[in-house]
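Participant: One structure coming up, written as structure tokens, with questions to follow.
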Amino acid sequence: MDLENVMNKAKKGWAELYSGKTPLILIGAATCGKSAGAAKVKEIFTEETKKRNIECNIMEVGCIGMCYAEPLICIKKSDDPLVCYGNITPEKALEIINSHLENDNPVSEYALGTIGKGTLKDIPELHETPVLKNQVRIVLNNCGIISPSEISHYFANNGYKGLIKALQQKPADIIEQVRESGLRGRGGAGFPTWKKWQICRDTKADKKFLICNADEGDPGAFMNRSLIESDPHSLIEGMIISAYAIGANTGYIYCRAEYPLALARLDLAIKQAENLNLLGDNILGSGFDFTIKVKEGAGAFVCGEETALIASIEGERGMPCPRPPFPAVKGLWGKPTIINNVETLATVSRIFQKDAKWFAQYGTDKSKGTKTFALAGEIKRTGLIEVPLGITLKTIIYDIGGGIPEDKEFKAVQTGGPSGGCVPKELLDIPVDYDSLVEAGTIMGSGGLVVMNENTCMVDVARYFIDFTQKESCGKCVPCRLGNKQLFRILDDITKGKADKKDIDMLKKLGQNIKATSLCGLGQTSPNPVLTTIRYFKNEYDAHIEKKCPAKVCKGLISFEIDPEKCTGCHICFKACPTDAIIGKPKETHLIIQEKCIQCGICYESCPDKFNAINVFSSRN
Amino acid sequence: MEKNMESVFSKFTGQRHELIQILQKIQEEFGYLSDEQIANVSEFTKVPKSKVYGVATFYEQFRFSPIGKNHIMLCRGTACHVKGAPRILDEIENQLKIKTGETTPDGEYSLEAVACIGCCALAPCIMINNEVKANLTPDEVKNLFKKN
């Protein structure tokens, strides 16, 4: 069967599936959905509909991005639009089956919104709700709507049309269109994608390679995981187009071993593509050969650096090399190699499914298009979002993210992972684009946004990041290997109240030196969390020098005390204390022996909310 | 050489670039890398044993001693840190009476801290045998390890 037939059939099948004649139930089953209990929800729907003889299609889909409302399900029935339900518990599932599936009466109380044509009473259109209103979903448009295991669903949504279009053009024209689209690398530094490709294209060699970096090493980021788990073919299509443009016949996807579900869905998708000659020899009769192999990363943050990643694929320790020569000239096994991030390549497939001008209409002059972000931390609506570049941090955090839970005070947002910095409240109005973020002392990075509130200690956050980078430093160059260790020691002393004012100056000086002299991107950016927190939260550093932790986080400085007025002698904290630092008989007021206390906070956690008898102080009394 | 090792090697050609995958496969089969297995890999790939160790010790994933029946991976990602992962860790260590990187004497649990599970929207979280437990509180940790 030729591809055109397959595609037509896929379109018909899709229309039938979404016609609503047979009710369709979508279950969000990416890692976040699964961990929130999607399997149980699916079981209930499967069993109950069987018991009640309700004919329906139950389909696992990826992540629609609203992780805060997991487990998520959507129901398409009759001519009604798709209804999206959130926070599904077994009880709610039964109610939805009774009301919506059996009696055509959607449960507006649990509905987040509708998708598609038509409106329903008391349920808003999902794209008009604050979460989605400010988003432009280009790369994520299939996520949560199609089944990641069905290539036909991808076909039915313009899948591989970009590839067919691209294969009819000359590689040079493809690079020109990527230039027109203004696409910059979505993995960190934002180098223009077309320029990288052009350098590789222009280098003469018998073999070239394409590598997709799916080693999402930034703690606090999950865009790539979600995208691969929800729509793996968009990555594969982008890879084939890219490989054709640069002239590579072999591609590697370097994906984290910690993402078992993503790896499984990727393997399946590659097999499906091979079966239809979208991968392999003479792809679709174009004369172009391309195969994709998956390599599991073994857990090294430094492998996000291009030359380190190449060493890892070659089976070596993942240690970086000085550049130039850049990998686009001399990379894997000495051959010209392009390394692009998952989102960059998936975006390429979208650019060719439509066109470059359409993509370039979004974003700012120098940062075009859209970018996905993983919203996490102290924010109401966590999840995966996609916004046009140039949007303000305020819109992302307050409109899309819904602000800070329990109406606590916003303190900072961390962008770019361990290579990025913390942006304070005063800068929430800056536009999110590559250059504005650099000016603020941070970077775009791959898209992790971790929100922090008044209960977050910024010195502790700096210490946390440096602890991470000093452990992940590969050890090749001295500034990174030893400098980050020293940064960590000084920060550790500060959080324990063992430092003086001179140490803050030392942090700054050392940080700038590490940035200026390290071999690779890891060391050149690792001091950013320290330098930005000193720049914007100097008062917190000063407080620590005076042996106070205002956020009441740093164990070495804070103290716990029992309020004799509130303590009822329930004895729970007495039993929970791991160091026997609490004395008191049942039904009598208890007391913490400060000399024995290790500030673990277990007593604070164990004290029942109705008593709330344990107070935390920002310093030792 | 153990029979199982032969079956692992039969999937590879012994080329240098396969080294990490071979080590991953062995760990998947046996749970950890023993000194003898490292020697076998060295022979198979013609890479000196010291270099095999060099690669294996570089990556976080590889272990050189057996792990417990239940493998707990605590996420130390940024979102988890901000949402209280250190307290979750304290509670797990307190419950199991082991430190990170150790295994309980009865071989039931081993505890490891990993960079990020990628489940940041539902922080703090841990992974037990490839299954993610999300939105954890110290109180829930107590129930996770209750002996039946």
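The values are calculated or read from the model by the stated rules, or taken from the named source; none is laboratory data. Source: prediction; values computed, not measured. Backbone-built Cβ (ideal geometry, glycine too); neighbour counts: all protein chains shown. With ligands, DNA and RNA removed, areas are computed over all heavy atoms of the protein, side chains included. Shrake-Rupley method; radii C 1.70, N 1.55, O 1.52, S 1.80 Å.
Participant: Kindly state, to the nearest 0.05, the FRET efficiency for A:LEU482 paired with B:HIS17, given R0 = 41 Å and r defined as their beta-carbon distance.
Facilitator: Numbers: r = 31 Å, r/R0 = 0.77.
About 0.85, to the nearest 0.05.
Participant: Let me ask something else about it. Of the candidates B:GLU36, B:GLU112, B:GLU102, which one comes out as most mobile in a Gaussian network treatment of chain B with C-alpha springs shorter than 10 Å?
Facilitator: B:GLU36
Participant: With both partners inside segment B:1-139, how many of the DSSP beta bridges are antiparallel, as a percent to the nearest 5? List each step's numbers first, then the result.
Facilitator: Values: 7 of 13 bridges.
Beta bridges within segment B:1-139, antiparallel portion: roughly 55 percent.
Participant: Separate question: Enter the accessible area per residue of the protein assembly as shown (Å², integer; probe 1.4 Å; all protein chains in place).
Facilitator: The answer is 41 Å² per residue.
Participant: First select every other residue whose beta carbon is under 12 angstrom from the beta carbon of A:TYR18; then total the charges, Lys and Arg +1, Asp and Glu -1. Please report the intermediate quantities before stating the final value.
Facilitator: Details: positive: A:LYS11, A:LYS12, A:LYS21, A:LYS76, A:LYS77, A:LYS117; negative: A:GLU16, A:ASP79, A:ASP80.
Cβ neighbours under 12 Å give a net charge of +3.
Participant: Same structure again: What average number of partner chain Cβ atoms lie no more than 10 Å from the Cβ of the residues making up A:33-46?
Facilitator: Rounded to a whole number, the mean comes out at 2.
Participant: How would chain A be classified by its alpha-carbon gyration tensor: rounded, prolate or oblate, with rounded meaning a/c under 1.5 and the a/b versus b/c comparison settling the rest?
Facilitator: Oblate, because a/c is 1.5 or more while a/b does not exceed b/c.
Participant: Moving on to the next point. If r is the Cβ-Cβ distance from A:ASN8 to A:ASP365 and R0 is 41 Å, what FRET efficiency results, to the nearest 0.05?
Facilitator: Efficiency, from the Cβ-Cβ distance: 0.50.
Participant: Next up: Can you give me the Cα centroid spacing of segment A:341-402 and segment A:474-494 in angstrom?
Facilitator: The distance from the Cα centre of segment A:341-402 to that of segment A:474-494 comes to 34 Å.
Participant: Suppose only helical runs count, i.e. DSSP H with n ≥ 4. What mean residue ellipticity at 222 nm does that imply for the protein assembly as shown under -39500 (n - 2.57) per run, divided by all residues and rounded to the nearest 500 deg cm²/dmol? List each step's numbers first, then the result.
Facilitator: Working: 31 runs with 290 residues, N = 769.
Counting only the DSSP helices, I get -11000 deg cm²/dmol.
Participant: Further, regarding this structure: Loop only per DSSP, at most 14 neighbouring Cβ atoms within 10 Å: give me the trypsin sites (Lys or Arg not before Pro) in segment B:54-102, ordered by residue number. Walk me through the numbers on the way to the answer.
Facilitator: On the way: sites: B:ARG63, B:LYS69, B:ARG76, B:LYS83, B:ARG87, B:LYS97, B:LYS99; in loops: B:ARG63, B:LYS69, B:ARG76, B:LYS83, B:LYS97, B:LYS99.
Taking segment B:54-102 and a limit of 14 other Cβ atoms within 10 Å, the loop trypsin sites (Lys or Arg not before Pro) found are B:LYS69, B:LYS97, B:LYS99.
Participant: Under a 5 Å amide H to amide H cut-off, with H placed in plane at 1.01 Å, what residues pair with A:GLY421 once short-range neighbours are removed?
Facilitator: A:THR415, A:ILE443
Participant: Return the distance in nm (one decimal) between the two label points of a simple spin-label model at A:ASP355 and A:ILE54, each offset 7 Å from Cα along Cα→Cβ.
Facilitator: 4.6
Participant: While we're here: A drop of at least 50 square angstrom in accessible area, chain alone versus all protein chains together, probe 1.4 Å. Which residues of segment A:599-615 meet that?
Facilitator: A:ILE602, A:GLU605
Participant: Another one. What does the structure give for B:14-21 when I average, per residue, the other chain Cβ atoms found within 10 Å of the residue Cβ? The partial results should precede the final answer.
Facilitator: Working: counts 0, 1, 3, 8, 1, 3, 11, 4.
For this peptide, the per-residue mean of nearby foreign Cβ atoms is 4.
Participant: For chain B, calculate the relative contact order in percent as a whole number, restricting contacts to Cα pairs under 8 Å that are 6 or more residues apart.
Facilitator: Once divided by the residue count of chain B, the mean separation gives 20 percent.
Participant: Here's something else I'd like to know. With a 1.4 Å probe and all protein chains left in place, how much of the accessible area of segment B:70-144 comes from carbon and sulfur atoms, in whole percent?
Facilitator: Here carbon and sulfur together make up 48 percent of the probe-accessible area.
Participant: Can you tell me the length gained on complete extension of the stretch A:GLN169 to A:ASN282, counting 0.36 nm per residue apart and subtracting the Cα distance?
Facilitator: Result for the pair: 39.1 nm of gain on full extension.
Participant: So for chain A, taking the charge dipole from beta-carbon charges (+1 Lys/Arg, -1 Asp/Glu), which of A:CYS520, A:ALA243, A:GLY417 sits furthest toward the positive end?
Facilitator: A:CYS520
Participant: In segment A:380-410, which residues give up 10 Å² or more of accessible area once the other protein chains are added, compared with their chain alone (1.4 Å probe)?
Facilitator: Flagged in segment A:380-410: A:THR382.
Participant: Out of all DSSP beta bridges in the protein assembly as shown, what portion is antiparallel? Express it as a percent rounded to 5. Walk me through the intermediate numbers first.
Facilitator: Details: 44 of 78 bridges.
Roughly 55 percent of the DSSP beta bridges within the protein assembly as shown come out antiparallel.
Participant: What is the magnitude of the charge dipole of segment A:559-617 about its Cα centre, with +1 placed on the Cβ of each Lys and Arg, -1 on the Cβ of each Asp and Glu, and no other charges, expressed in debye to the nearest 20?
Facilitator: Its charge dipole is roughly 200 debye.
Participant: Amide H neighbours of A:GLY217 under 5 Å, at least 5 residues apart or on other chains, H built in the peptide plane: list them.
Facilitator: Amide H neighbours of A:GLY217: none.
Participant: Would you mind pulling out the separation of the Cα centroids of segment A:519-564 and segment B:1-56, in Å?
Facilitator: 44
Participant: Placing unit charges on C-beta atoms (Lys and Arg positive, Asp and Glu negative, everything else neutral), compute the dipole magnitude of the protein assembly as shown about its Cα centre in debye, rounded to 20.
Facilitator: The calculated dipole for the protein assembly as shown is roughly 1520 debye.
Participant: Oh, and also: Tell me whether segment A:3-127 comes out rounded, prolate or oblate; compute the Cα gyration tensor, take square roots of the eigenvalues as a ≥ b ≥ c, and use a/c under 1.5 as the rounded threshold.
Facilitator: Rounded, because the longest to shortest axis ratio a/c is under 1.5.
Participant: Amide H to amide H, which residues 5 or more places from A:CYS570 or on other chains are under 5 Å from it, using H placed in the peptide plane?
Facilitator: Residues meeting the criterion, in which the H sits 1.01 Å from N, are A:LYS587.
Participant: Within segment B:77-99, name every residue whose backbone N is under 20 Å away from a label modeled 7 Å from Cα of A:ILE598 along the Cβ vector.
Facilitator: Correct set: B:84-99.
Participant: Continuing with this model, one more query. Summing Lys, Arg as +1 and Asp, Glu as -1, what charge do residues with Cβ under 11 Å from the Cβ of A:PRO418 carry, A:PRO418 excluded?
Facilitator: Value of the local net charge: -2.
Participant: Report the accessible surface area buried between chains B and A, summing both sides, using a 1.4 Å probe on protein heavy atoms only, in Å² rounded to the nearest 100.
Facilitator: 3900
Participant: Still on this structure, please answer the following. Give me the distance in nm between label points sitting 7 Å out from Cα along the Cα-to-Cβ direction at A:THR579 and B:SER7, one decimal.
Facilitator: Going by the 7 Å Cα→Cβ label model, 5.1 nm.
Participant: Loop-only chymotrypsin sites (Phe, Trp or Tyr not before Pro) in segment B:40-108, please: DSSP not H, G, I, E or B, and at most 15 other Cβ atoms within 10 Å.
Facilitator: B:PHE64
Participant: Check each of the trypsin sites (Lys or Arg not before Pro) in segment A:198-256 and keep only those in coil by DSSP with at most 12 other C-beta atoms within 10 angstrom; list them in order.
Facilitator: Qualifying residues, ordered by number: A:LYS204.
Participant: Follow-up question, since we're still on this one. Let me check against my output: what whole-number percent is the relative contact order of segment B:1-56, with C-alpha pairs under 8 Å and at least 6 apart?
Facilitator: 35
Participant: For chain B, modelled as a GNM with alpha-carbon contacts under 10 angstrom, which of B:GLN37, B:GLN21, B:GLN95 fluctuates the most?
Facilitator: B:GLN21
Participant: In addition: Would you be so kind as to identify which of A:LEU72, A:TYR18, A:PRO124 lies farthest towards the positive end of the dipole of segment A:3-127, taking Lys and Arg as +1 and Asp and Glu as -1 on Cβ and the Cα centre as origin?
Facilitator: Comparing the listed Cα positions along the dipole, A:TYR18 ranks first.
Participant: Using a 1.4 angstrom probe on protein heavy atoms only, which residues from segment B:42-80 are buried by at least 20 Å² of accessible area when all chains are present rather than their own chain alone?
Facilitator: B:GLY54, B:VAL55, B:PHE58, B:TYR59, B:GLU60, B:GLN61, B:ARG76, B:THR78, B:ALA79
Participant: Label-point separation (nm) for A:LYS408 and A:GLU180, each offset 7 Å from Cα along Cα-to-Cβ?
Facilitator: For A:LYS408 paired with A:GLU180, the spin-label model returns 4.9 nm.
Participant: Within the accessible area of chain A, what % is carbon and sulfur when the probe is 1.4 Å and the other protein chains stay in place? Could you put the intermediate results ahead of the total?
Facilitator: Values: 12100 of 24410 Å².
Summing carbon and sulfur atoms, their accessible area is 50 percent of the total for chain A.
Participant: About the Cα centre of segment A:458-545, how large is the charge dipole given +1 on each Lys and Arg Cβ and -1 on each Asp and Glu Cβ? Please answer in debye to the nearest 20.
Facilitator: Computed about the Cα centre, the dipole is about 280 debye.
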